[in-house]
Amino acid sequence: MKKNKIEHYSDKEALEFHNSKKSGKIEIVSSKPMTTKRDLALAYSPGVAAPVKAIFQNPDLAYDYTTKGNLVAVISNGSAILGLGNLGAIASKPVMEGKAVLFKRFADIDSIDLEIDSNNPDEIINSIKSFSKSFGGINLEDIAAPECFIIEQKLKEILDIPVFHDDQHGTAIITTAALINALHITKKDIKKIKIVINGAGASAMACANLFKSKGVAQKNITMLDRKGVIYKGRKNLNKWKSLHAIETKSRSLDEAIKGVDVFLGLSKGGILKKEMVKKMSKNPIIFACANPDPEITPEEIEEVRTDAIIATGRSDYPNQVNNLIGFPYIFRGALDIRAKTINEEMKIAASNAIAALARERVPDEVVAAMGGERPKYGKDYIIPSTFDPRLISVIPVAVAKAAIKSGVARKEIKNFEIYSEQLKQRLDPSVTIMQGINSQIKKTQKRVVFVDGEDKNTLKAAIAFKNSGLGIPIIVAKEKVVKQRLKEIGYSENFNIEIVNSTIKKKREKYSKYIFKKLHRDQGLLERDCDRMVRNDRVIWGSCMVSCGDADAMVTGNTRRYSQSLQKIKRVVDPRPGEIMFGLNMVVNKGRTVFIADTTVHEYPSSNQLAEIAISSARVVRLFGFDPKIAFLSHSTFGQPITSRTKHIRDAVDILKNKNVDFKFDGDMQPDVALDTMYKELYPFSEIVGNANILIMPGQHSAAITYKTMKTLGGAKVIGPLLIGLGQAIEIAPLRSSTSDILNLASVAAYSAGVIDYNKKN
């Protein structure tokens, strides 16, 4: 079983992350315009009276006129935080905000975290009851047992919206999906299998209940707590444990494990011994889900059994039992049909859908999103990846269908094919793209030079690049300064990262000779001039490293202007033969991705240059998994009004028409025409109107202004600018870029080094 690298972070880095820009991880943004007096009048007084009166007459209209239908309350009292224990309500807030972020990222669900400062179940129940009308669903989190059972059960009885304790049911749903597929592979009958569950907490009991709902016999599940086997007649069992008591002579794990088909661990590390594994049946199924240390490691199992199917709760092994595969999508389906509850039918439907998805052949577009490696159903792939973009179009559909069939839905879905497509559009494409890139570069382990190594954000990006297993970072810096910076950001000064600089005589002489050979004739430089350049300029040094084969890729720019960095690089690296050099930005806003060019190089590109930029943009965008649809933007639309610049743009379009290219394009057109489908009615002859995903700007000014305005005021996510057409895999980060921005560019540079043959002459 292949083990993956775990990402590591310092406490200081985590604290800085939570305190950067705005404190915390969530914010509330208005979904309606609030710019004019009329907007405010409609939003509040007097306009707000209309929906108030309508909801008074029919409370269900709150789903239509408020956020209720897409709003989940994430609630905790902090009595069982992550594995940290009872640290109280306010200490749980970072975790609950994180949960809210996951809801948004994976299922486009808005969430508000509410921390209740009480350990009294009745107080918590009454608090939630009092504000429940505001929400479409309730997600309970990190509440200790048995209080969590009491709270959930009572709320399900008194509320008419879904109440879901993820620690219980999320784990149960994913584990059941894994069990379904493990049984399918081993050809074992769910009605005949014997199971041992080590652990008797909330998640363990929920798993047992769902297993029984799927067909496992009550008598065939042996559950253990800290005192041993839960058997009939054992004294001092609470009512929840009593439900799982069976007639058995076994009193210990060692006795109970003999001959069983399945072991599920939700307890503590190291409790399942190799000798016990030997006693299990043929083709045993072992789910060791304790975190951070499983009940037994896969390596230990493989020492004594070669026929076992193994899952853990960890991301560094295959088959991770991760609730993230479940809860966002279960709530998505429940909210979309305005469910009154999440019942057993919906949970089983979710488990079946997850299991079925793992058996399907992974399509090419998903392979690209997951890094180019096609997972194959089998012992090491019984659960889909958490980043499989198909999850959102599969699980909510199954949940919604089950809710409708079981009679707990307030709203019907007439066309599930349309619904599935609508679900796909909720994903943030940039996240999927970067996940695919990162998955790919983890396999190739490219050497990436981080030129501005003494800059804190650059250094943090280099560390993250290393700790995330993305590749091998090399920083250009003075060792003394780096050690100081490492301490400042919460790492040991002895952190293992390669540092290079001009004091390395052998490399300095090598790079000086390279530059001299390249520049002395055209620029009249002497060897000492070239040596001075290499000694004094880190961008020159880094560019030489890549050009001379001492590194695969490079990222720079955070400490100087883009144009300054580009001029330095161009002294060392030429454009790729036959290609035009330009800047391309990926911009993501409200789930839609567009690419903008040229943002960095050509101030006023000619018509021929615009056409070439379009051709190269289409090629690059395909590498990211998009079907290019190019709009040539202007202040005019299809010649109205006609100006000299309009003609300039239209000439570029004509040039492309004569080149017989393999992508769709059109222009001239204004940006709203290119992006808004409402204009299709006015311009039915154009396939690009409303559908463009590549915007070719008339000049660098308009391109840079556009993406920076969208980023700063529009809240768009921007990746780039990507430097296209250069003869090496080099990216330039804009001045004052964040750690995340630099890391993304480093990943793109490493990816480019792997997919582009820079030695190819044409």
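The values are calculated or read from the model by the stated rules, or taken from the named source; none is laboratory data. Because the structure is a prediction, the values reported are computed rather than measured. Don't worry about glycine lacking a Cβ; one is built from the backbone with ideal geometry, like all the others, and counts go over all protein chains shown.
Would you confirm whether or not region 482-494 contains a residue that is under 23 Å from Lys717 (Cα atoms) and outside any loop (DSSP other than H, G, I, E, B)? Full working, then the answer.
Step one: list which residues in region 482-494 are under 23 Å from Lys717 (Cα atoms), which gives none.
Looking through region 482-494, none of the residues is under 23 Å from Lys717 (Cα atoms) and outside any loop (DSSP other than H, G, I, E, B).
Given the criteria under 21 Å from Leu272 (Cα atoms) and in contact with an Asp or Glu (Cβ under 8 Å, 6 or more places away or on another chain), does Gly199 qualify?
yes
Regarding region 639-648, can at least one residue be identified that is in the same structural domain as Asn608 (by TED's automatic domain parsing), among the charged types (D, E, K, R) and closer than 23 Å to Thr599 by Cβ? Can you show your working first?
Start the filter on region 639-648 by keeping residues that are in the same structural domain as Asn608 (by TED's automatic domain parsing), which leaves 639-648.
From the residues that got through so far, the ones that are among the charged types (D, E, K, R) too are 645, 647.
Subset that is closer than 23 Å to Thr599 by Cβ: 645.
Yes; the residues of region 639-648 include at least one that is in the same structural domain as Asn608 (by TED's automatic domain parsing), among the charged types (D, E, K, R) and closer than 23 Å to Thr599 by Cβ.
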* Asked: Since Arg622 meets every condition but one in (1) within 20 Å of Asn691 (Cβ to Cβ); (2) touching a residue at least 12 places away in the same chain (Cβ under 8 Å), which condition does it not meet?
  -> (2)
* **Candidate set from region 173-200 (those that are of a type in the set (A, V, I, L, M) and under 23 Å from the mean Cα position of the chain (by Cα)); member that is farthest from Asp60 (Cα to Cα)** => Ala178
* To do: Using the structure shown, decide if Leu695 is closer than 15 Å to Asn585 by Cβ and either at pLDDT 90 or above or of a type in the set (A, V, I, L, M, F, W, C) (or both).
  => yes
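Across region 83-96, what is the number of residues that are at pLDDT 90 or above and either within 21 Å of Ala334 (Cα to Cα) or out of contact with any strand residue (DSSP E or B) (no Cβ under 8 Å at 6 or more places or on another chain) (or both)?
Within region 83-96, residues that are at pLDDT 90 or above and either within 21 Å of Ala334 (Cα to Cα) or out of contact with any strand residue (DSSP E or B) (no Cβ under 8 Å at 6 or more places or on another chain) (or both) number 4.
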* Asked: Which ones in region 263-280 are among the small types (Gly, Ala, Ser), within 25 Å of Thr176 (Cβ to Cβ) and free of Cβ contacts under 8 Å to residues at least 60 places away in the same chain?
  -> Gly269
* Asked: Do we have Ala631 as part of a strand (DSSP E or B) and either over 31 Å from the mean Cα position of the chain (by Cα) or surrounded by 15 or more Cβ atoms within 10 Å (Cβ to Cβ) (or both) here?
  -> yes
* Can you run down the residue pairs with Cβ atoms below 6 Å, 6 or more apart or on separate chains, where the first is in region 251-262 and over 10 Å from Met280 (Cα atoms) and surrounded by fewer than 21 Cβ atoms within 10 Å (Cβ to Cβ) and the partner is modelled with pLDDT of 95 or more and of a type in the set (A, V, I, L, M)? => Arg251/Val229; Asp254/Met276
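Rundown of residues vs (1) in contact with a strand residue (DSSP E or B) (Cβ under 9 Å, 6 or more places away or on another chain); (2) crowded, with 19+ Cβ neighbours inside 10 Å, yes/no style:
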site: Ile330; (1), (2): yes, yes
site: Gly333; (1), (2): no, yes
site: Ala400; (1), (2): no, yes
site: Glu412; (1), (2): no, no
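Part of a loop (DSSP other than H, G, I, E, B) and at positive phi - does that describe any residue in region 499-520?
The initial filter retains those residues of region 499-520 that are part of a loop (DSSP other than H, G, I, E, B), namely 501-504.
Now restrict to residues that are at positive phi: none.
Scanning region 499-520 turns up no residue that is part of a loop (DSSP other than H, G, I, E, B) and at positive phi.
Restricting to region 646-682, count the residues that are hydroxyl-bearing (Ser, Thr, Tyr) and modelled with pLDDT of 90 or more. Break it down stepwise before answering.
Keep residues of region 646-682 that are hydroxyl-bearing (Ser, Thr, Tyr), which gives 646, 677, 679.
Next cut, modelled with pLDDT of 90 or more only: 679.
Result for region 646-682: 1.
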* To do: State whether the residues of region 587-595 include one that is touching a Phe, Trp or Tyr at 6+ places or on another chain (Cβ under 7 Å), modelled with pLDDT of 90 or more and either in the same structural domain as Ala692 (by TED's automatic domain parsing) or small (Gly, Ala, Ser) (or both).
  => no
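Quick check: anything in region 526-543 small (Gly, Ala, Ser), at pLDDT 90 or above, in a helix (DSSP H, G or I) and surrounded by 15 or more Cβ atoms within 10 Å (Cβ to Cβ)? Give the derivation first.
Of the residues in region 526-543, the ones small (Gly, Ala, Ser) are 542-543.
Narrowing the set further to residues that are at pLDDT 90 or above leaves 542-543.
From the residues that got through so far, the ones that are in a helix (DSSP H, G or I) too are 542-543.
Restricting the remaining residues to those that are surrounded by 15 or more Cβ atoms within 10 Å (Cβ to Cβ) gives 542-543.
Within region 526-543, one or more residues are small (Gly, Ala, Ser), at pLDDT 90 or above, in a helix (DSSP H, G or I) and surrounded by 15 or more Cβ atoms within 10 Å (Cβ to Cβ).
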* Could you please let me know if Leu266 is of a type outside the set (D, E, K, R) and over 23 Å from Asn322 (Cβ atoms)? => no
* Just wondering, is there one or more residues in region 222-232 that are part of a helix (DSSP H, G or I), touching a residue at least 12 places away in the same chain (Cβ under 8 Å) and surrounded by fewer than 24 Cβ atoms within 10 Å (Cβ to Cβ)? -> no
* To do: Please identify the pairs in which a residue from region 343-356 that is more than 14 Å from Arg332 (Cβ to Cβ) has its Cβ atom under 6 Å from the Cβ atom of a residue that is basic (Lys, Arg) and surrounded by fewer than 24 Cβ atoms within 10 Å (Cβ to Cβ), counting only partners at least 6 apart or on another chain.
  => none
* To do: For region 126-160, enumerate the residues that are over 24 Å from Thr67 (Cβ atoms) and of a type in the set (A, V, I, L, M, F, W, C).
  => Ile143, Ala144, Ala145, Cys148, Phe149, Ile150, Ile151
* Under the condition of being more than 23 Å from Ile732 (Cα to Cα) and among the hydroxyl-bearing types (Ser, Thr, Tyr), which residue from region 588-628 is surrounded by the most Cβ atoms within 10 Å (Cβ to Cβ)? -> Ser607
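Look at Ser127 and say whether it is part of a helix (DSSP H, G or I), modelled with pLDDT of 95 or more and touching a Ser or Thr at 6+ places or on another chain (Cβ under 8 Å). Full working, then the answer.
Details: part of a helix (DSSP H, G or I): yes; modelled with pLDDT of 95 or more: yes; touching a Ser or Thr at 6+ places or on another chain (Cβ under 8 Å): yes.
Yes; evaluated as a whole, the condition is true for this residue.
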* Asked: Taking region 480-507 as the region of interest, how many residues are more than 15 Å from Met545 (Cβ to Cβ) and touching a residue at least 40 places away in the same chain (Cβ under 8 Å)?
  -> 3
